[in-house]
Amino acid sequence: MTLIATEALTKRYPNGVTALSDLTVDVSPGVIGLVGANGAGKSTLIKILLGLLPPTSGRVSVLGIDPTSEPEQVRARVGYMPEHDCLPPDLSAAEFVTHMARMSGLPRTAARERASETLRHVGLYEERYRAIGGYSTGMKQRVKLAQSLVHDPDLLLLDEPTNGLDPAGRDAMLNLIDRIGSEFGISLVVCSHLLGEVERICDTLIAIDGGRLLRAANISTMTKASDVLAIEVTEGADALAARLTESGLDVRAEGRDLLVPLADDTTYDVVLAAVAALNLPLHRLDQRRHHVSDLFRDTAGEPAHVG
Ligand SMILES: Nc1ncnc2c1ncn2[C@@H]1O[C@H](COP(=O)(O)OP(=O)(O)OP(=O)(O)O)[C@@H](O)[C@H]1O
């Protein structure tokens, strides 16, 4: 099933800025990280997905619906947490989230119940009757998250949800987002300019730069174990390299690691035998994993189906 599909999606603002250029992606349900530097076009894409902005050209569908022609149908099934502060300071979280539930069409009592339940999920139950104006930044972010969840959406679009938070607050927010994805089975698109932040909780990454797709990939594919064995000894690396070469392995040094191609399990045996013969202190022996930051090094990414 396709969660979000775009085809040659382009957005040019009236001032001539091209915020999105020929963007083609096809993403399956899950937790998706949308990463890119400030100005890369993330917020523009989110607004198009919500049907708040029309694209200049190209096609887009969200949960199988075209937000350009059926924005209300999309917004009934999608929750949105905006990047900037947009909360009424004089209302309590309970009043505000209840209001948002009413706006989505729930009757008064159901809206109140649903608001309480949602505020409990985001950890604001005890504080829900206090005015939002007195909340910390972390609490305000949680109110924004609660209002995006209150109508029980199938997809959440979160624009920089950790904005303005300190490291502990970021951690707490990411854990909360992770829990929402796994416990409620909701798909999420998490926008961030920090790759390290989203890779922790996402199964798919879409990287954009200057409005163009840099790469779209499944994280498990990106980080899957490679066919290289990394060996780290605390001393005697040169002697070990020579010994492994004698044994017929193609050895390459990288920092403190020696890398050898992993043919099959006998490669482990050859390495361990060489380490034992030289009586070296083996610090680490494992299969190399790719890093998600490789996404940004390789700009030759093709528009791809991911998920
Ligand atoms: N309403 C607008 N009118 C004109 N230009 C705009 C408008 N909104 C955004 N832009 C420009 O489009 C480009 C993409 O902006 P966008 O906000 O989508 O990026 P972003 O990746 O979300 O960055 P940020 O995290 O800084 O918001 C930027 O150059 C921005 O200045």
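Checking the condition hydrophobic (A, V, I, L, M, F, W, C), modelled with pLDDT of 95 or more and not assigned by TED's automatic domain parsing to the domain that holds GLN73, which residue from LEU240, LEU188 passes?
When all the criteria are applied, what remains is LEU240.
Which members of the range 41-56 meet the condition of being aliphatic (A, V, I, L, M) and more than 17 Å from HIS84 (Cβ to Cβ)?
Scanning the range 41-56 gives ILE48, LEU49.
Of the conditions (1) buried (at least 16 other Cβ atoms within 10 Å of the Cβ); (2) small (Gly, Ala, Ser); (3) under 24 Å from HIS193 (Cβ atoms), GLY39 clears all except one; give me its number.
(1)
Looking at the range 85-104, which of the residues that are closer than 30 Å to GLY64 by Cβ and not β-branched (Val, Ile, Thr) is surrounded by the most Cβ atoms within 10 Å (Cβ to Cβ)?
Taking the candidates together, the pick is ALA101.
Can you tell me which residue is farthest from the ligand (Cβ to nearest atom) among those in the range 35-47 that are touching a Leu at 6+ places or on another chain (Cβ under 7 Å) and not polar (S, T, N, Q)?
The qualifying residue farthest from the ligand (Cβ to nearest atom) is VAL35.
Of all residues in the range 1-20, count the ones that are farther than 13 Å from ILE48 by Cα and within 14 Å of the ligand (Cβ to nearest atom).
Result for the range 1-20: 5.
In the range 88-122, how many are more than 22 Å from LEU53 (Cα to Cα) and within 28 Å of the chain's Cα centre (by Cα)?
Total meeting the criteria: 13.
Which one of these does ARG75 not meet: (1) modelled with pLDDT under 95; (2) within 16 Å of the ligand (Cβ to nearest atom)?
ARG75 satisfies every listed condition except (2).
Of all residues in the range 140-168 being within 16 Å of the ligand (Cβ to nearest atom), outside any loop (DSSP other than H, G, I, E, B) and of a type in the set (D, E, K, R), which is modelled with the lowest pLDDT?
For the range 140-168, the residue satisfying everything is ASP159.
The values are calculated or read from the model by the stated rules, or taken from the named source; none is laboratory data. All of these numbers come straight from a predicted model, not from anything done at the bench. Methodologically, a virtual Cβ is constructed for each residue, glycine included, from the backbone with ideal geometry; neighbour enumeration extends over all protein chains shown.
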